[in-house]
Amino acid sequence: MNKQEFKKEIEALSIPISDTQLEQFEEYARLLKEWNEKMNLTAITEDSEIWEKHFYDSIRPFDKAEFKMLCDVGSGAGFPGIPLAILFPDRTFTLVEPLGKRCKFLEEVKKQLNLHNVRIENARAEDYARDHREEFDAVSARAVARLSILLELCVPLLKKGGTFIALKGRNGMEELTQAAPALRELKVSLDHTDAFELEHESGRIVFFFTKNAKTPAKYPRNYGMIKKKPMEEVQ
């Protein structure tokens, strides 16, 4: 996928995209490749793959998502938070990333792209969730951990009625089955799924969960405990 093909695909989602925004994506790709030579940000470095597997893949699940404040947990090199922030300048995005060097990269992207609607938080998800409970109307996570773990880390951040959007690959349905105890315990229900394909890539599945009640105060637990006894084992 090249820049013009990317623009065509985004417009096909009924999302307007300007030449200025396309230039921001180009600069983002340049920064990603430049910084990737100094630190491990991504294994995807070809321009065509960046446009498709990072930029388009980040945006495709959000074509109809309605929110004003989104928290992107485990943002890494900024996906999906930064592409969404470029396309939706009237919405606010908080990117939570535990590694300081990646946060430095994200701060540089924010500065160079002039993204006033982005906040970078250098924190572990479970620590950030304790201090920012029920704060966001949407939370996203892409390629961070198993769904049962993600639910415990992300759902406490959501307001009641908010949406958790989990971007998953080919094992998504298996993870969903394993996460049934977490859904019950955290008072969350699956609203709908969205499956799509990328060229030369395995299928994607995106889960949209609705938070139906306040999260019990004991969640999220310490990450060591989450890993030792994930909710899929809590019956």
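Would you work out which of 219, 189, 209 lies farthest towards the positive end of the dipole of segment 188-231, given +1 charges on the beta-carbon of Lys and Arg and -1 on that of Asp and Glu, about the Cα centre?
Going by the Cα projections, it comes out as 219.
In the set [x] 17.1, 52; [y] 18.5, 57; [z] 19.1, 70, which value of Rg and Dmax of the Cα atoms in Å was calculated from the structure you see?
Computed from these coordinates, Rg and Dmax of the Cα atoms in Å corresponds to label [x].
At each listed q (0.20, 0.22, 0.25 Å⁻¹), what is the log10 of I(q)/I(0) that the Debye formula gives for segment 4-92 modelled as equal alpha-carbon point scatterers?
Result of the Debye calculation: -0.98, -1.18, -1.47.
For segment 59-191, what is the charge dipole size about the Cα centre, in debye to the nearest 20, if Lys and Arg each add +1 at the Cβ and Asp and Glu each add -1 at the Cβ?
Its charge dipole is roughly 200 debye.
Suppose every Lys and Arg Cβ carries +1 and every Asp and Glu Cβ carries -1, with no other charges. What dipole size does segment 1-55 come out with about its Cα centre, to the nearest 20 debye?
120 debye
Take each of the peptides 110-121, 214-225, average the number of other beta-carbon atoms within 10 Å over its residues, and list them starting from the highest.
Averaged packing, sorted descending, gives the order 110-121, 214-225.
Percent of Cα-Cα pairs more than 20 Å apart in segment 103-219, please. Intermediate values should be presented prior to the final figure.
Working: 3155 of 6786 pairs.
The share of Cα pairs beyond 20 Å in segment 103-219 comes to 46 percent.
Gain in length, residue 131 to residue 190, computed as 0.36 nm per residue apart minus the alpha-carbon separation, to one decimal in nm?
Stretched fully, the residue 131-residue 190 segment lengthens by 18.7 nm.
Can you find, among 32, 56, 67, the residue sitting farthest towards the positive end of the charge dipole of segment 25-76, where Lys and Arg contribute +1 and Asp and Glu -1 at Cβ?
In segment 25-76, that residue is 67.
Using +1 at the Cβ of each Lys and Arg and -1 at the Cβ of each Asp and Glu in the chain, identify which of 157, 145, 96 lies farthest towards the dipole's positive end.
The residue sitting farthest along the positive end of the dipole is 157.
With respect to the cross-link table entries 64/229; 53/211; 110/218; 110/168, which display a Cα-Cα separation exceeding 32 Å?
Among 64/229; 53/211; 110/218; 110/168, the Cα-Cα distance tops 32 Å for 64/229; 110/218.
Only sites in a loop by DSSP and with at most 16 other Cβ atoms within 10 Å count here; which GluC sites (Glu not before Pro) in segment 46-91 make the cut?
46, 66
For segment 45-88, list residues with backbone N below 17 Å from a point placed 7 Å from the Cα of residue 114 toward its Cβ?
Backbone N within reach: 85-88.
Throughout, read-outs are computed from the coordinates displayed, never taken from laboratory work. Just so we're clear, the structure is a prediction, and the values are computed from it rather than from any experiment. Note: ideal-geometry Cβ built from the backbone for every residue, glycine included; neighbour counts use all protein chains shown.
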